[in-house]
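Single-structure report; data block below.
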There are 2 protein chains.
Amino acid sequence: MDLYSYYRSTSSYRVRIALALKRLAYHALPVNLVAHGGEHLAPAYRALNPQGRVPTLRTDTGELLMQSPAIIEYLDECYPNPPLLPAEPLERARVRSVAALIGCDIHPLHNVAVLKRLRGLGVDEGDVTAWIGHWISEGFNAVEQMIGDHGFCFDTPGLADVYLVPQLYAARRFAVDLAAYPRILRVEGAALEHPAFQTAHPANQPDTPA
Amino acid sequence: MDLYSYYRSTSSYRVRIALALKRLAYHALPVNLVAHGGEHLAPAYRALNPQGRVPTLRTDTGELLMQSPAIIEYLDECYPNPPLLPAEPLERARVRSVAALIGCDIHPLHNVAVLKRLRGLGVDEGDVTAWIGHWISEGFNAVEQMIGDHGFCFDTPGLADVYLVPQLYAARRFAVDLAAYPRILRVEGAALEHPAFQTAHPANQPDTPA
């Protein structure tokens with residue numbers, strides 16, 4: 001498989017964790033979101049991904065898939081061991097609700113395109129920082145109540161962690177105060193010690209700046 | 001089942017379509033997002049849904065589920081006929097990628113909370129309208145290339161339509177020009193004639209204003 005990704009893109013990081021948890025080998029194809037006006041916006045990349053965003057996965061049979069939620073469910077269906085979701089529908093829904101809250105109501109509000117547009121409206125840097133912090137904090141307030149008391153979000157690493165750990169990386173990057181979230185911080189600690197999460201970390205990618 | 005919803009909430013509308021396509025009976029419990037400072041923000045509702053957002057589904061066994069992507073996958077797993085997703089993983093990924101693009105990269109940028117916050121930053125109404133139009137148009141540009149040439153998004157009604165039809169309703173509400181999207185408009189036409197989409201429409205809910 002090939003993965004078009006950017007080292008510190010939240011959604012690329014999610015897919016890298018899923019691949020690493022399943023011990024799937026892939027070829028990383030970096031797409032620089034900041035150089036040359038954004039390689040993701042160039043026609044060559046848009047021919048692969050009509051939205052012009054990372055990540056894009058090319059499967060072993062050459063099919064192109066976009067949107068991290070769809071890619072991750074695909075990987076879990078095609079490579080079920082270890083599973084990213086529990087077996088029982090109600091438990092699956094609880095895990096997916098954490099993933100969806102982060103994937104819909106936190107991350108989209110501070111991605112590269114949205115922050116650029118906010119600045120284009122004349123919003124100053126202080127308000128941009130407050131905007132990012134507001135959505136992360138409001139989302140984490142709910143996530144803190146939705147996850148469990150041991151290990152990863154729900155004991156063993158799974159879909160909720162695939163979303164939460166990259167969101168934590170973004171929260172650190174934007175200097176959001178996390179002291180109110182002991183369960184979330186526990187997950188961050190568990191991920192720091194787990195080989196798959198280490199492999200997938202933005203610090204350890206082929207396009208990570210020196 | 002009970003569904004806490006608001007008649008014109010995009011994510012409530014999605015779940016209503018899924019329930020109607022599967023011919024599942026439920027008890028509608030309206031949550032007014034605009035009256036009394038927002039009933040979704042009141043402690044009584046937050047006790048059911050820690051995020052304070054609609055929809056919330058109470059299952060037949062009394063379990064509370066939140067986040068429309070998780071609720072819809074749950075319904076599809078528990079009530080598989082008719083299915084909202086194809087059987088084959090690659091085809092499932094293509095359908096889910098349309099749903100995820102709408103659910104992550106369009107709708108979250110114009111929900112009630114986000115527009116309120118934008119206005120709070122002093123962004124004027126003209127720029128708020130342009131902001132909404134930008135994200136819908138940019139997303140629809142990609143969706144138009146991702147869906148098929150017949151019937152609903154992928155022939156028979158399914159998960160992609162569960163997301164696209166409510167997003168179309170929002171696009172109309174915000175007066176977004178849709179002329180560039182003939183495939184998307186074809187799906188809108190198909191939904192207008194389909195009983196499940198009619199039942200789920202914001203015009204036909206118990207809390208729809210007279």
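Checked against (1) at positive phi; (2) in the same structural domain as B:ALA191 (by TED's automatic domain parsing), B:GLY37 meets all criteria but (2). A:ALA44 passes every criterion in (1) surrounded by fewer than 22 Cβ atoms within 10 Å (Cβ to Cβ); (2) over 20 Å from A:SER9 (Cα atoms) apart from (2). Picking from residues in the stretch B:72-112 that are surrounded by 18 or more Cβ atoms within 10 Å (Cβ to Cβ) and β-branched (Val, Ile, Thr), the one that is farthest from A:VAL112 (Cα to Cα) is B:ILE72. Contact map, the stretch A:103-128: residues that are within 8 Å of chain B (Cβ to nearest Cβ) paired with residues that are of a type in the set (S, T, N, Q), Cβ distance under 7 Å, separation 6+ or inter-chain. Pairs shown: A:HIS107/A:THR10; A:HIS107/A:GLN167.
If you filter the stretch B:1-39 down to residues that are farther than 22 Å from B:THR156 by Cβ and among the aromatic types (Phe, Trp, Tyr), you find that the one that is farthest from the chain's Cα centre (by Cα) is B:TYR26.
The values are calculated or read from the model by the stated rules, or taken from the named source; none is laboratory data. Because the structure is predicted, anything quoted here is derived from the model rather than measured. Methodologically, a virtual Cβ is constructed for each residue, glycine included, from the backbone with ideal geometry; neighbour enumeration extends over all protein chains shown.
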